[in-house]
Each structure stands twice: as C-alpha cells, then as structure tokens.
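No lab work stands behind these numbers, since they all come straight from the coordinates. Because the structure is predicted, anything quoted here is derived from the model rather than measured. Here the Cβ positions follow ideal geometry from the backbone for every residue, glycine too, while neighbour counts run over all protein chains shown.
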Amino acid sequence: MEAKERMQIPRQKMPEQDPKARGKNFDEVPFGYSEETAIREAQRCLKCKKPSCVAGCPVEIDIPGFISLIEGGDFIGAARKIKETNALPAVCGRVCPQEEQCEVKCILAKKGDPVAIGRLERFVADYERNAGKVQVPKIAVSTGKKIAVVGSGPAGLTVAGTLRLLGHDVTVFEALHKTGGVLVYGIPEFRLPKAIVEAEVNYLKEMGVKFVTNYVIGKIRTVDTILSEYDAVFLGTGAGLPLFLGVPGENLNGVYSANEYLTRSNLMKAYLFPKYDTPIVRGKNVAVIGGGNVAMDSARTALRLGADNSYIIYRRSLDEMPARKEEVHHAEEEGIQFHILTNPVAFIGDENNWVREIECQKQELGEPDDSGRRRPVPVKGSEFRIPVDTVVVAIGNSPNPLVPATTPGLDTGRKGNIVANEETGLTSRDGVYAGGDIVTGAATVILAMGAGRKAAQAMHAYVMNGKKE
Amino acid sequence: MAKIVKKERLSADLVRMVLEAREIAETRKAGQFIVLRINEQGERIPLTIADADAKTGTVTIIFQEVGKSTRLLGSMGQGDDILDLAGPLGKPTHIENFGTAVCVGGGVGVAPMFPITEALKEAGNKVITIIGSRTKDLLILEDEMKAVSDRLLVMTDDGTYGQKGFVTQALEEIIKSGEKVDIVVAIGPVVMMRAVSEVTRPYKIPTVVSLNSIMVDATGMCGGCRVSVGGKSKFACVEGPEFDGHQVDFKELMMRQKTYMKQEHESLECFLNQALKK
Ligand SMILES: Cc1cc2nc3c(=O)[nH]c(=O)nc-3n(C[C@H](O)[C@H](O)[C@H](O)COP(=O)(O)OP(=O)(O)OC[C@H]3O[C@@H](n4cnc5c(N)ncnc54)[C@H](O)[C@@H]3O)c2cc1C
Ligand SMILES: Cc1cc2nc3c(=O)[nH]c(=O)nc-3n(C[C@H](O)[C@H](O)[C@H](O)COP(=O)(O)OP(=O)(O)OC[C@H]3O[C@@H](n4cnc5c(N)ncnc54)[C@H](O)[C@@H]3O)c2cc1C
Ligand code: SF4
Ligand code: SF4
Ligand code: FES
C-alpha cells in the first residue's frame, strides 16, 4: 500500500457504551477494536524507518514492528512482539497517557490524527488472552539467587517478571489481600477490568513467581530481615499516602480520600453491597476535589453509585487539568459537572457530623508557578456554597512511609520519596533497589514499569557479579 | 489463609478464637492488631491480638458479635479457614517501667487490655487492674488478668459481681486514696475511654486510650480511620491505635463510627434472613 493511500484512511473509532447507559453500570466503557478495524487502523501506520513514536514510549516498544504484524493478520505475533519489552500490554493499552507519549510523537500527528497505538496494543493483548494463546515463556536455568519484591503494583510486577525470566527465584510481598497495586484498588473496573489484572498476575504465577499477600513489610518483617534471606530487594511500594486539604470540616462523615472511596468501591466491591460486605456512602450530591485521573475516576464512580449530581471542583482551568483528555471527555459525556477555578475553603456539617455543604471560593489565574501552570489566585468576596452529602478529596498522594521509616540508612527526599539512581534504581543501601511512585511520587503505570525494567537489569548484574551498577 | 485452631464462647456474644499465624505470633507486640477478611465477599475487619504463642505459632482474638462480619465469624468453628489475615498492624504500646500503672478494661476491651497489662507487669510496673462489664455474664478474662496484676478490681454496672458501678468510680477511688499513679491505660467503649480521660485530666496523669475508628486497609493508605488528636488529623491504623486520651476528640470519633449505621443494619438483616432460610 502506498503511503498516500495509508494517509487517507481516517483514524478508526473504538466503539463504546452509550454515555447514558454506562453511567449506571460498572462495565468497561470502550468495547475495543474488531479484527477488521484493527487491521484498518494498522494500515494507517507508515512503518517509518526511524519511528519517532518509539522514542515516546518509556519502554520502547517496537511500534511499527507490532503494527506490521497486525496488518498481516498475525495478532498473536504482534502481542508477543510487544511483550518483548512490555509485560502488561492489556493494561497499558487502556491506561497509558498515549496522547502525551507514543501517539504525540507519531509522524501522522503533525498533520492530522496519530496512529491509535494504544488501541492497537490493547486489541492484540485482548486477542491473545481471549484466544487462550498466552504462552508462558521459557525461563532461563535457575541461578540459585533469591530476589524479594515489595509491592505488587506495575513496578513490582515488572521487576518480578523480568528477573524470573532470567532464572531467579522471585517472591513478591504485598500488603493487601489482592495483587496489582493501584491497578486493583484505584483504577475502576469501568476503565480497567480487574479480570485483566488477575490474568496478568496469573501469568507471572505460571512463570513461577511466588506471591505472598497480606504481608506488610515494615510490620511483619523489615527490609533488613529480608536481606538476610534474599540476595537483593526491590521496593515498589507506591505513593499510597492520601493528602488532605487541611481545611475545616475535613473529618466530617461523608468526606473521603479518593483512596478510601476507590478502595471501597474497587478492591472491596462496595458497589455490589450488600452482596459484598463493605459499605460505601451512596451520595446524591457528590463533590470531588481535584483535576487528575484520580478525580475523574472518583466522580465517575460516584455517578455509577447513583449520584444525581457529581461535581468536579478544580482550582485551575480545564487547560491545566492533569487528567487525560480522554477521561475528561468521558466524564463530560456522562454528565459530570465541572466547577473550575473554584477552591473549597471549608466543609460544613450538620449536628450529626455529616457533611452538608462546601464553602467555595472562585479563583482567577495569575502568574505561572513552579509547575509552569498559572497559579490560582482567590477572588475576594466570591464565596459561595454547594450543597453536598459526599465529598471525595483527590488532591494527590505522597509516598507510603512504612518501609522508609523502618529501614535505617535508606535515604529519602524532601517529600518522603525513596532516593534511587534513575538508571539503575539503586538506593543508598547495598542490594536495595526502588522504583515507581515510591521514588517519583504519583506518576504513571508505564513510568513505574520502565523504572522496574531498569532496576531488574541492574539487580541481575548485581546478584550475578556482585557488581553495583 | 488462616486456620481456626480453637473456638470457645466466653459469653452470649463474646467469642475467643485461636488462629494459626506463625509469623504474626512471632513478631507481634502488645497493642497490635490484625485485619481479617473471612471470605471473598467479606470486608476487612480489625481485631486486637489478645494473646499469642510463638511456640505453637498461634494468635488469639476475642471479639464481640455486633454485626454481620463478627456474627459470621462467630458461626465458624475449629478447622475452618479464614481467607485473609494480615498483621501485626498498628504501633505497639509504649512499654517501660513507669512506676505504678492502672489498666482499665471495659466490656470486650478487656481482651486487648490483657497483652498490655502483661507487658507492663513484665517491665516491672506495679500494676493495678480494673475490669468491668454491664453484668456478671459478660465479664471476661478475670483469672488471666489477676495473674498479671498486683491488684485486680472488678466492677459490674448492675452489681451482679464484684463492686457495683463503673470502672471510673474504682479509678477515682484509687487516685483519691493517695496512690501515686504514673500512667493509666484504658480500653473499652468510647464513652468509657472518654470518662476515664476526664477522671485523670485534673490530676494530669498520662492516659493512653486505644481508638477503634473504622478501618479499611489498615496500612495508612486510605485515611478512613482518621481521628482528631490535639486538633490534628491522625491515621489511627499506623499512627495509633493508641493516643493521649486528654487530646482525643471523642465526640467526633463516636459520630464517625456511625457513618455506616444504615448499611450495617441492611447487611446484618440480609445475613440473618439467609441464616433463617438455611
Ligand atoms: C485512581 C487512580 C487512577 C490512575 N489512573 C492512571 C492512568 O489512567 N494511567 C496511568 O498511567 N496511571 C494512572 N494512575 C497512576 C498509576 O496507577 C501509578 O503511577 C502506578 O500504579 C504506580 O505503580 P507502583 O508499582 O509504583 O505502585 P502501586 O501501584 O501504588 O503499587 C504499590 C503496591 O505496594 C503495596 N505496598 C505498599 N506498602 C507496602 C508494604 N509496606 N509492604 C508490602 N506491600 C506494600 C501496596 O499495597 C500496593 O499494592 C492512577 C492512579 C490512581 C490512584
Ligand atoms: C484497632 C481495632 C481493634 C479492634 N479490636 C477489637 C477486638 O479485639 N474485639 C472486638 O470485638 N472488636 C474489636 N474492634 C472492633 C471491630 O473491628 C468491629 O466490631 C467489627 O469490625 C464490626 O464488624 P461487623 O460487621 O460485625 O459489624 P458492623 O455492623 O459492620 O459494625 C458495628 C460497629 O463496628 C464498627 N465497625 C464496623 N466496621 C468496622 C471496621 N471495618 N473497622 C473498625 N470498626 C468497624 C463500627 O463502629 C460499627 O458501628 C477493633 C477495632 C479496631 C479499629
Ligand atoms: S506502552 Fe504506553 S507509551 Fe508505550 S506504546 Fe504502549 S501505549 Fe504507547
Ligand atoms: S511514527 Fe506513527 S506512522 Fe511512524 S511508525 Fe510510528 S506509529 Fe507508525
Ligand atoms: S485504615 Fe486506611 S489509613 Fe487507616
């Protein structure tokens, strides 16, 4: 096919549930490509000799390579090609901020729509899994080395998979009763079905990775006691400490952190209460504070739990919102109401300690701040109140302090993050590596995986040669 | 997975269970708790480690059947498995030789009080223990407590056993008798812990209470367990569960505990209906 012909094909749409209907269920929103649309989309790719898209992917997937295989109808081959560098394509194809990573760099983005790399990635991963064609790769002969991984989020899972392939004996310790980190407790079912995460973990189990759940490092065992038994340790404990605003009334009943709200709904399946035992407040007027993915997920969860009004309250403008455009778009379609340039200054409760109103203040944009975004400045006399019965605070998370606090000699930064070498993940302690949100602060799935890959390679070198890389 | 090694009913709605949990038994300290999830549909509920045996690799919990989860747990028996068990969680009690320690346990709170009393005694304190319950049949661990205390006082609200009255009355009498009390540790219903803190406040006796706010993960990840202490928000599961009783906002705690009252009723009703059908 000629390049000209390829460039005439429009970017293929991915069918999705009707916005009205999906606001009432927890099923996944998009349905994914059919074989025909996938091939059609694959035909758009120019298979560039020097593909700029690859530079945008933190794990450098051979993007034209896997897309060519799709074009030729070899979906399984395409899935395996991706898995050479990315062990979780079904996850990344769904939640990666593609529009800022691989797709923004696609040559076609200069003139029109980029190739839908994420959608294609998700398509082949789903195809392979649904066809039951997921193959456990050949594991290298045993090295006799023992590796401990703390935390089963994307960073930990990547380290575990990579090191197991190289023949190491790998054990993952997870504090919660389910593995997957934010993928199971944070990101909702309608965006990332939990069966997919489970399948990925099962794949690692089949490879021989051992998982120990209900095991809080820093409590039942410390990093030092682990080191007496294992040759190296990877810390992938995430940014699991919820931040609050520190305004009056934040401890009223009905005020949640996004972590609690989403954990109740996702991990504990409170949306299926009383079939599942964990309760959640099903508010009628729910306000979510924040403008990131976490805020969108919370507002859309509130809607699905039966809210009449689900608001996003964000202190800057739509342009500064850190959430993925696609998620903001989905939220708007579903009827989430945006109060932008608005900041809560107090929560007001009734005599039984239940939140009833939020006192807000309008903001205007001033000079850019450290983040390069324009700083919100309060407008005097602009206070107004929004009646609510549930509030979800989604203004961010900072690193979980449990492990740093119980590991002497482990250097941490100003925000409590573990300090680790960017190329190797090595921390200030011998044999102790770290990566993902615990190092960078709340970031993305693919960056956590990228950090995991680099750390795994350095750990391999370290345990095999005693070499610190 | 944790096997129930032994189950015993202490009173109409109080159950003692011994669970297989070797590593927890080896590492736990006084004041710490576990979180368990009975089955796939279950919620995560926190329960204090009332006792542990590192040799047999077991931990003991004592719980009151109040709602769906604790009733379901109470209906299980020896040999049954609990799907998930995590621990030890929370900060251990700060134990040292304070001098004279008064340990106050009310109702099912006597159970979490036991390991702390034992540890205070081992650290060389003179330990005066006050335990209380509404009525004689609900009193637990009297012999165990006696064994680790220099003096044991028993109170019942209705006077069916020991002295008639509240534990706070006994505490006040001890203080007024001129006994120099260096520390008070109180665990029981929130109203009791508040009352104990009010008794000791004028005397400036350091008072430690153990807060049972509603928890989910109990690893510091959700903030659902937050309590106000000295005007600051604290996560009870990782910064507690023990706090300075003179600083705790008990009123807020009591109201926050009622957050899911409606759902708890619904859940219990469903459970009882199903049990009836069977
Ligand atoms: C609601 C929500 C939506 C998001 N949406 C997106 C998105 O659309 N796209 C995207 O790319 N990113 C998204 N993110 C961010 C992304 O999920 C994270 O950046 C990523 O999961 C970080 O991976 P991690 O492996 O570092 O940590 P985590 O996923 O946080 O996993 C850490 C794991 O370690 C465990 N742990 C912690 N402490 C201990 C301990 N002491 N002992 C044992 N185990 C421990 C935790 O229980 C957890 O399972 C979202 C995050 C949230 C919260
Ligand atoms: C650190 C800690 C230690 C505890 N130790 C003990 C103990 O040793 N023995 C004992 O009998 N009880 C203990 N509790 C209380 C116990 O967790 C609750 O009684 C239990 O969760 C009730 O569950 P349910 O489904 O049976 O009752 P529900 O009907 O769900 O609730 C009844 C009441 O229990 C409380 N509660 C409900 N869910 C939770 C939860 N997830 N976390 C905390 N409280 C909750 C609420 O105040 C609620 O109103 C402890 C609580 C905490 C926080
Ligand atoms: S992993 Fe993410 S960034 Fe890389 S190609 Fe896939 S969607 Fe793009
Ligand atoms: S830059 Fe775009 S067109 Fe070129 S190889 Fe990558 S995806 Fe295909
Ligand atoms: S229970 Fe979640 S932070 Fe304490």
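Give the residue, chosen from A:Ala302, A:Ala323, A:Ala287, that is under 30 Å from B:Asn273 (Cα atoms), more than 14 Å from chain B (Cβ to nearest Cβ) and buried (at least 21 other Cβ atoms within 10 Å of the Cβ).
On inspection, the qualifying residue turns out to be A:Ala302.
Keeping to the range A:222-259, report how many residues are touching a residue at least 24 places away in the same chain (Cβ under 8 Å) and farther than 30 Å from A:Phe347 by Cβ.
14
Could you check, for the range A:223-235, whether at least one of its residues is of a type outside the set (Phe, Trp, Tyr), within 11 Å of chain B (Cβ to nearest Cβ) and out of contact with any Leu (no Cβ under 9 Å at 6 or more places or on another chain)?
yes
Is it fair to say A:Glu189 is away from chain B (no Cβ under 14 Å), acidic (Asp, Glu) and closer than 22 Å to A:Ala442 by Cα?
Spelling it out, A:Glu189 is indeed away from chain B (no Cβ under 14 Å), acidic (Asp, Glu) and closer than 22 Å to A:Ala442 by Cα.
Consider the range A:232-250. How many of its residues are of a type outside the set (A, V, I, L, M), more than 15 Å from B:Thr219 (Cα to Cα) and out of contact with any helix residue (DSSP H, G or I) (no Cβ under 6 Å at 6 or more places or on another chain)?
Matching residues across the range A:232-250 total 5.
For the list (1) facing another protein chain (nearest Cβ under 10 Å); (2) in contact with a strand residue (DSSP E or B) (Cβ under 9 Å, 6 or more places away or on another chain), I need the number of the one condition that A:Val172 fails.
For A:Val172, the exception is condition (1).
Mind checking which residues of the range A:337-384 are in contact with a strand residue (DSSP E or B) (Cβ under 9 Å, 6 or more places away or on another chain) and within 14 Å of another protein chain (Cβ to nearest Cβ)?
Of everything in the range A:337-384, those that are in contact with a strand residue (DSSP E or B) (Cβ under 9 Å, 6 or more places away or on another chain) and within 14 Å of another protein chain (Cβ to nearest Cβ) turn out to be A:Phe347, A:Gly349, A:Asp350, A:Asn352, A:Asn353, A:Trp354, A:Val355, A:Arg356.
Condition test on A:Gly167, is it at positive phi and either in a helix (DSSP H, G or I) or under 18 Å from the mean Cα position of the chain (by Cα) (or both)?
no
Assuming B:Phe98 fulfils every condition listed in (1) surrounded by 20 or more Cβ atoms within 10 Å (Cβ to Cβ); (2) away from chain A (no Cβ under 14 Å) apart from one, which condition is it?
(1) is the only condition that B:Phe98 fails.
Of all residues being within 11 Å of another protein chain (Cβ to nearest Cβ) and buried (at least 18 other Cβ atoms within 10 Å of the Cβ) in the range B:73-88, which is nearest to ligand 5 (Cβ to nearest atom)? Just the residue, please.
B:Ala86
Out of A:Pro97, A:Pro89, report the one residue that is surrounded by fewer than 24 Cβ atoms within 10 Å (Cβ to Cβ), away from ligand 4 (no atom under 11 Å from the Cβ) and within 24 Å of A:Pro188 (Cα to Cα).
It is A:Pro97.
Report, by residue number, each residue of the range B:19-36 that is more than 14 Å from B:Pro241 (Cα to Cα) and surrounded by fewer than 22 Cβ atoms within 10 Å (Cβ to Cβ). Spell out how you get there, then give the answer.
Kept after step one, since they are more than 14 Å from B:Pro241 (Cα to Cα), are these residues of the range B:19-36: B:19-28, B:36.
The answer is B:Glu20, B:Arg22, B:Glu23, B:Glu26, B:Thr27.
Need pairs with beta-carbon distance below 6 Å; first residue farther than 26 Å from A:Gly236 by Cβ and within the range A:126-149, second hydrophobic (A, V, I, L, M, F, W, C); sequence gap 6+ or separate chains.
Within 6 Å, the pairs are A:Tyr127/A:Phe75; A:Lys133/A:Ile76.
Within the range B:173-208, count every residue that is within 15 Å of B:Thr100 (Cα to Cα) and in contact (Cβ under 8 Å) with a residue 24 or more places away in the chain.
16
Identify, please: which residue in the range A:113-140 is basic (Lys, Arg) and assigned to a loop (DSSP other than H, G, I, E, B) and is, among those, nearest to ligand 3 (Cβ to nearest atom)?
The selected residue is A:Lys133.
Identify the single condition in (1) at the interface with chain A (Cβ under 10 Å from one of its Cβ atoms); (2) over 28 Å from A:Val182 (Cα atoms); (3) surrounded by 21 or more Cβ atoms within 10 Å (Cβ to Cβ); (4) of a type outside the set (Lys, Arg) that B:Thr207 does not satisfy, given that it satisfies every other one.
(1)
Just need a number here: residues in the range B:50-69 that are within 14 Å of chain A (Cβ to nearest Cβ) and either aliphatic (A, V, I, L, M) or touching a residue at least 40 places away in the same chain (Cβ under 8 Å) (or both).
Here the count works out to 6.
Working carefully through the options A:Tyr215, A:Tyr271, A:Tyr261, find the one that is crowded, with 18+ Cβ neighbours inside 10 Å and facing chain B (nearest Cβ under 8 Å).
On the way: A:Tyr271 fails: facing chain B (nearest Cβ under 8 Å); A:Tyr261 fails: facing chain B (nearest Cβ under 8 Å).
Answer to the selection: A:Tyr215.
Of the residues A:Pro399, A:Pro387, only one is touching a residue at least 60 places away in the same chain (Cβ under 8 Å), out of contact with any His (no Cβ under 8 Å at 6 or more places or on another chain) and surrounded by fewer than 16 Cβ atoms within 10 Å (Cβ to Cβ); which? Before you say what the answer is, go through the steps one by one.
On the way: A:Pro399 fails: surrounded by fewer than 16 Cβ atoms within 10 Å (Cβ to Cβ).
It is A:Pro387.
Kindly list the number of the only condition in (1) touching a Cys at 6+ places or on another chain (Cβ under 9 Å); (2) under 30 Å from A:Asn285 (Cα atoms); (3) aliphatic (A, V, I, L, M) that fails for A:Met449.
If we test A:Met449 against (1) touching a Cys at 6+ places or on another chain (Cβ under 9 Å); (2) under 30 Å from A:Asn285 (Cα atoms); (3) aliphatic (A, V, I, L, M), just (2) comes out false.
Within the range B:217-266, which residues are more than 16 Å from ligand 1 (Cβ to nearest atom), within 16 Å of A:Pro242 (Cβ to Cβ) and in contact with a Leu (Cβ under 7 Å, 6 or more places away or on another chain)?
B:Val227, B:Ala236
If a residue has to be within 9 Å of ligand 2 (Cβ to nearest atom), farther than 21 Å from B:Leu211 by Cβ and in contact (Cβ under 8 Å) with a residue 12 or more places away in the chain to count, how many in the range B:256-270 make the cut?
2
Within the range B:256-278, take every residue that is basic (Lys, Arg) and farther than 18 Å from A:Glu260 by Cα and give me the one that is surrounded by the fewest Cβ atoms within 10 Å (Cβ to Cβ). I'd like the intermediate steps shown before the answer.
Going residue by residue through the range B:256-278, those that are basic (Lys, Arg) are B:256, B:258, B:262, B:277-278.
Remaining after also requiring farther than 18 Å from A:Glu260 by Cα: B:262, B:277-278.
On the way: B:Lys262: 11, B:Lys277: 6, B:Lys278: 4.
Once the filter is applied, the top-ranked residue is B:Lys278.
Would you be able to tell me the number of residues in the range A:305-321 that are assigned to a loop (DSSP other than H, G, I, E, B) and closer than 14 Å to A:Phe338 by Cβ?
Matching residues across the range A:305-321 total 5.
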